[in-house]
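Engineer: Mind looking over this structure? Questions follow.
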Amino acid sequence: MMKLTPVRKQYLDIKRQYPDAILFFRLGDFYETFDRDAEITSKELDIVLTSRNVAKGSRIPMAGIPYHAAENYLMRLIEKGYHVAICEQVGDGPVEGLFPREVVRVVTPGTVLEAGLLPGDANNYLAAVVLDRNTVGVAYADVSTGEFATTQIESHDPASAMRQELHRLAPAEILYPETLSMGDSLSGHLTALSEWHFAADSTEEDLKVHLSVSHLEGYGLEGLPLAVRAAGAIIHYLKDTQSAALTSLTSLSIYSIADFMVLDAATRRNLELTETIRTRQVDGSLLGVLDGTVSPMGRRTLRRWVNQPLVDRARIHSRLAHVRAHFENGLQRSALRNELKQLPDLERITNRAAAGVATPRDLDALRHALKAIPGLKGRLADEPLAELGDRLDPCRELLEELEAALVDAPPPTLNRIGIIKTGYSDELDAVLQASRGARDWIADLEAQERERTGIGSLKVGYNKVFGYYIEVTKANAERVPDTYIRKQTLINAERYITPEMKEYESQVLSAEQEIRRLEKALFAALCRKVGGSASRLLESARTLGELDAYAGLAETAASRGWVQPEVVEGQVLEIRDGRHPVVENFTSRFVPNDAVFEQGERIRVITGPNMSGKSTYLRQVALIVLMAQIGSFVPARSARIGLADRIFSRIGAQDEIHAGQSTFMVEMLETANLLHNATNRSLLILDEIGRGTSTYDGLSIAWAIVEFIHSHPRLRARALVATHYNELTRLAESLPGVRNYNVAVSEERGKVVFLHKIVPGGADKSYGIHVAGLAGLPRGVIQRAQELLLELEERGGGDHGSASSQLPLFAGKHPILDDLEALSVDELTPLEALNLLYEWQRRLTKTD
Ligand SMILES: Nc1ncnc2c1ncn2[C@@H]1O[C@H](COP(=O)(O)OP(=O)(O)O)[C@@H](O)[C@H]1O
Ligand SMILES: [Mg+2]
């Protein structure tokens, strides 16, 4: 057996405990990685792979990063989904020649605390899930803000209920039992854990200990075993990775998905709530338009709101009242927003302090925030804002402590001295006092020696190798006194020391070391005091987030001419002169449209040519309902909206959206989900359903779906249906809740103009050929198409005229069958037969 070096042995002992993480092993000023970790690190971070001797004649791969630049490298590994265990030197010095070392935390995508590693405008959630036969437990925590919540969902399809909730949360990391199959469409990094991490007994115990309670009933967790298991798994995982972060999770809230509008992943994507389909950027999404916030806390709050519109009228009214109050008072609003803009990220600073990783600048920023709070409270004296004012806590004692302790402009890191004010600690003051003579002596040395020697260019400098030295140019070297001892010769200068100087130097250096030690300890104590006030600080931070979100919504509403919606119970839908909140910004002449459902109307079928504005209209109605339930004003002249428990938006398959999958299959899967889960309080948006298959299939499916939505006792839901199948307008003949609308088109002297106006009645023409003309297809093609259309219409085949409101849908035989019947096969050449087959196939599969 080889004789390993002691450090190597220590490394292997530690690495054995963290087999799944990359181990950052602190050696002096570097974090070193070894073996396979080194290969990964060097490849992923593009740094040099070297090697190191670990025993006589044995070298292993090694890659190191300087510890002061570690944050950036760490971020890149975390982003790629790696876990990193950070192993530090601990204790005051080597024991038998070897520094004691231990892992202080394991950083994973869901447990990041460093400001530089976090998205400023969104939460960084760590989620955990467990699944039973008909039940799902989902818990999530944000260790950077202290949010911690859990829920249990009953569902006949628990796997998709789980996915739906995970899509809403968009966590950075998801913990799940290794036996569970998670698929690959979820956005967060997946961390599989063995089953025992989710065991009922141990998770309950972990939770109780963490929350310091003997029973979980107080938290409303009785009868919610899966909610307990998911939340307990998070606690256990954090204990293993970042026990310091646990201190920020001071409470646990139980939520019910019934508190929020249900929005599945397809609907979130179609409606472009927080990112656009094409670029996946916030810009151009609903959030992009709504977001008028000025602080990171406000931005995160608004994003949460957009992701979970409310279904409780009282809560919606309360939000709207807040927005209205800010909306009505523009001067006050702008003053308030100015103050909010200056605030630091109070939520995350508090948690960094509580976890012991805050910097002096962090606490300085915290001090600024606390100073601003009394002024903000003063602005919130009147109802309904007073409720928020009451929740803001200036934490006076803590502020006084920070004022007394921290210098006015502290250095960025703890490696520099000069953090703590004089007068705060007797012990520190004594060291400063005792060393003052020596420190002043060194500080004055340059001036004194210049005068004594008459060498004007004489300099006093410092470096790590020699400590303090006196530098004199070669030209002046003749004039130095005998007491100078030469230490080093440079090209143009000589460096000297004097015995007296070295005397003072050692005093100064040991004093500085002592000052640094004391300041670090005082600073750590200060952080603990912040930690002690964490729950009050976090409550203030959340309140500031809400305040900013309200004021931001008011700002957006005021600058865009939006109005306050009225939210009521029932199937009401009365939007007058509604606009699409995003599209209206991209066109100078956006045409407003009503969506006023008359008595008895439930389903509106909208026909109209391509590019006339059907999809825009459907989405605008859905978005206005959603915005109202977020608590936002809406782009309309007026809006009265019956609460929707969920919005479903389905769009006929489009290849750009579902690249690489069977488009029609995806479309039908999504529609099946809708038909199983919608209720009569839902709002359904069906845009060109059935487009992904052949005309007859597509039309029949669309027809049957609308019938089902209209008449199934559980559904009878409000729906808007856009279609290019004019036949669907016949549904209105047999179904009393269906009304036909179309997009107005003006035709003057053969020129077609789309007016983008939704008017009653079905479209009588599809204008597809006109659109083809507009697009510049050759004249000959357009003329030939017109001839064919006429011919088809006369024959009563194709898309026009033959649909009946009675099933079967298509009376009589298909025209191709007539052709086939009339054909004398013997007279065909093989080529003619082949051409006919091609032609029939073309006619059968053409979709528009
Ligand atoms: N109400 C409107 N006012 C002005 N322009 C509109 C309006 N609705 C749609 N448009 C314009 O027409 C284009 C096509 O709209 P879209 O809704 O996709 O049509 P369709 O679904 O009928 O094919 C949009 O990109 C937009 O520029
Ligand atoms: Mg469309």
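The values are calculated or read from the model by the stated rules, or taken from the named source; none is laboratory data. In this text the structure is predicted, and so the values were computed from the model without any measurement. Don't worry about glycine lacking a Cβ; one is built from the backbone with ideal geometry, like all the others, and counts go over all protein chains shown. Note: areas computed on protein heavy atoms with side chains; ligands, DNA, RNA excluded. Shrake-Rupley method; radii C 1.70, N 1.55, O 1.52, S 1.80 Å.
Engineer: Taking only the range 710-761 into account, find how many residues are farther than 21 Å from ARG650 by Cβ, of a type in the set (Gly, Ala, Ser) and within 39 Å of the chain's Cα centre (by Cα).
Structural biologist: Qualifying residue count, the range 710-761: 0.
Engineer: Just for strands (runs of 3 or more DSSP E) wholly inside the range 18-91: which have at least 2 residues that are free of Cβ contacts under 8 Å to residues at least 40 places away in the same chain?
Structural biologist: 30-34, 50-55, 58-66
Engineer: Quick check on the range 549-593: of everything there that is within 12 Å of ligand 1 (Cβ to nearest atom) and part of a helix (DSSP H, G or I), which residue is surrounded by the most Cβ atoms within 10 Å (Cβ to Cβ)?
Structural biologist: Out of the qualifying residues, it is GLU584.
Engineer: Evaluate the range 448-459: report whether one residue or more is touching a Leu at 6+ places or on another chain (Cβ under 7 Å), without any contact (Cβ under 8 Å) to a residue 12 or more places away in the chain and closer than 30 Å to LEU490 by Cβ.
Structural biologist: Yes - at least one qualifying residue is present in the range 448-459.
Engineer: Mind checking whether some residue in the range 594-615 is in contact with a Pro (Cβ under 7 Å, 6 or more places away or on another chain) and either on the phi > 0 side of the Ramachandran plot or within 16 Å of ligand 1 (Cβ to nearest atom) (or both)?
Structural biologist: Taking the range 594-615 first, the residues in contact with a Pro (Cβ under 7 Å, 6 or more places away or on another chain) are 600.
Filter again for either on the phi > 0 side of the Ramachandran plot or within 16 Å of ligand 1 (Cβ to nearest atom) (or both), leaving 600.
So far as the range 594-615 goes, yes, one or more of its residues are in contact with a Pro (Cβ under 7 Å, 6 or more places away or on another chain) and either on the phi > 0 side of the Ramachandran plot or within 16 Å of ligand 1 (Cβ to nearest atom) (or both).
Engineer: Right, next: Residues in the range 580-601 that are under 21 Å from HIS710 (Cα atoms) and out of contact with any Lys or Arg (no Cβ under 6 Å at 6 or more places or on another chain): how many?
Structural biologist: 6
Engineer: Here are the criteria: (1) buried (at least 18 other Cβ atoms within 10 Å of the Cβ); (2) out of contact with any Phe, Trp or Tyr (no Cβ under 7 Å at 6 or more places or on another chain). Tell me which single one ASP184 does not satisfy.
Structural biologist: In the conditions (1) buried (at least 18 other Cβ atoms within 10 Å of the Cβ); (2) out of contact with any Phe, Trp or Tyr (no Cβ under 7 Å at 6 or more places or on another chain), ASP184 misses (1) alone.
Engineer: So which residues in the range 595-641 are assigned to a strand (DSSP E or B), closer than 13 Å to LEU684 by Cα and within 16 Å of ligand 2 (Cβ to nearest atom)?
Structural biologist: Matches in the range 595-641: ARG604, VAL605.
Engineer: Can you tell me which residues in the range 125-162 are touching a strand residue (DSSP E or B) at 6+ places or on another chain (Cβ under 8 Å), crowded, with 24+ Cβ neighbours inside 10 Å and at pLDDT below 90?
Structural biologist: Passing the criteria: only VAL143.
Engineer: Working only within the range 408-427, note down all residues that are open to solvent by less than 30 Å² (accessible area, probe 1.4 Å) and either among the aromatic types (Phe, Trp, Tyr) or out of contact with any Asp or Glu (no Cβ under 7 Å at 6 or more places or on another chain) (or both).
Structural biologist: Result: PRO411, SER425.
Engineer: State all residues of the range 678-723 that are open to solvent by 10 Å² or more (accessible area, probe 1.4 Å), of a type in the set (Phe, Trp, Tyr) and at pLDDT 85 or above; if no residue qualifies, say none.
Structural biologist: PHE708
Engineer: Do you know which residues across the range 492-538 are at pLDDT 90 or above, open to solvent by 50 Å² or more (accessible area, probe 1.4 Å) and among the hydrophobic types (A, V, I, L, M, F, W, C)?
Structural biologist: Within the range 492-538, ALA521 is the sole residue that qualifies.
Engineer: ARG604 - would you say it is open to solvent by 40 Å² or more (accessible area, probe 1.4 Å), of a type in the set (Lys, Arg) and modelled with pLDDT of 95 or more?
Structural biologist: Answer is no for this residue.
Engineer: The conditions are (1) small (Gly, Ala, Ser); (2) within 16 Å of ligand 1 (Cβ to nearest atom); (3) at pLDDT 80 or above, and SER638 fails exactly one of them. Which is it?
Structural biologist: Status for SER638: all satisfied but (2).
Engineer: Tell me which residues, restricted to the range 662-683, are within 16 Å of ligand 2 (Cβ to nearest atom) and not acidic (Asp, Glu).
Structural biologist: Listed by number, the list holds a single entry, THR663.
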